[in-house]
Amino acid sequence: MLERSLVLLKPDCVQRRLVGRVISRFEEKGLKIIAVKLIAVTPELARRHYAEHVEKPFYPGLETYITGGPTIAMVVEGPQAVAVVRKMVGATNGLEAASGTVRGDFSTSNQMNLVHASDGPESAAREIGVFFREDELCPYVPTIRPWLRAPDADA
C-alpha cells in the first residue's frame, strides 16, 4: 500500500551540507520524492506544524531552532512510507539512534536531530497539507519500478 510522508530536512541538516546525503538514502531505498522545496519556516508555520507542542515548555527553543535557517520540505511516497522513513531516520535523540540511521550517523542531539518524519499516516496527511498544496505534489511511476519490487509487493 502506497503511503506518503512529510520529511523536513531541518536547518542543521542544511547548514551542515548533509541534504544530498540524506535525500540519496531515501532514493536508494526506492522511495519517490513527489514534492520538494527550500523554505524559511516562519513562526506561524512552526506553530501550525508543531501545534501539539506550542504550550509545552520546550516549544520556544524548538521554534527558534526550526525558524533559524533554511529547511527542505519534501513529500516521499512508497509502500509503508511512514514506517520506512521513521526507521531510516532513527530515534529522536541522535545519541540513542542506531548506527546506519540518519540521526545515528550524523546527530548527537535530541533537538538538533537533522530530520522530521511524520509519525503516522494521519499526521502525514495533516503535515503535508501544512507545507504543500495538492497541486504541488507530482506523483509518478518511475520507469525503474519493475526493478524495485516484485509485482506482489504492492498487494
Which residues, counting only those in region 6-35, are crowded, with 16+ Cβ neighbours inside 10 Å and either of a type in the set (S, T, N, Q) or part of a helix (DSSP H, G or I) (or both)?
P11, D12, C13, V14, V19, V22, I23, R25, F26
Farther than 17 Å from R16 by Cβ, out of contact with any strand residue (DSSP E or B) (no Cβ under 8 Å at 6 or more places or on another chain) and in contact (Cβ under 8 Å) with a residue 12 or more places away in the chain, is that true of G94?
no
Surrounded by 13 or more Cβ atoms within 10 Å (Cβ to Cβ), among the hydrophobic types (A, V, I, L, M, F, W, C), closer than 21 Å to D12 by Cβ and at pLDDT below 95: does that describe M112?
yes
Scanning region 51-72 residue by residue, those crowded, with 18+ Cβ neighbours inside 10 Å and closer than 17 Å to L6 by Cβ turn out to be I66, T71, I72
Odd one out for R48, checked against (1) crowded, with 18+ Cβ neighbours inside 10 Å; (2) in contact (Cβ under 8 Å) with a residue 40 or more places away in the chain
(1)
Condition set among the small types (G, A, S) and in a helix (DSSP H, G or I), scope region 36-54, selection farthest from R126 (Cα to Cα): answer is A46
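The values are calculated or read from the model by the stated rules, or taken from the named source; none is laboratory data. Computed from a predicted model, the values in this text were never measured in an experiment. Glycine gets a Cβ as well: all are built from the backbone with ideal geometry, and neighbour counts include every protein chain shown.
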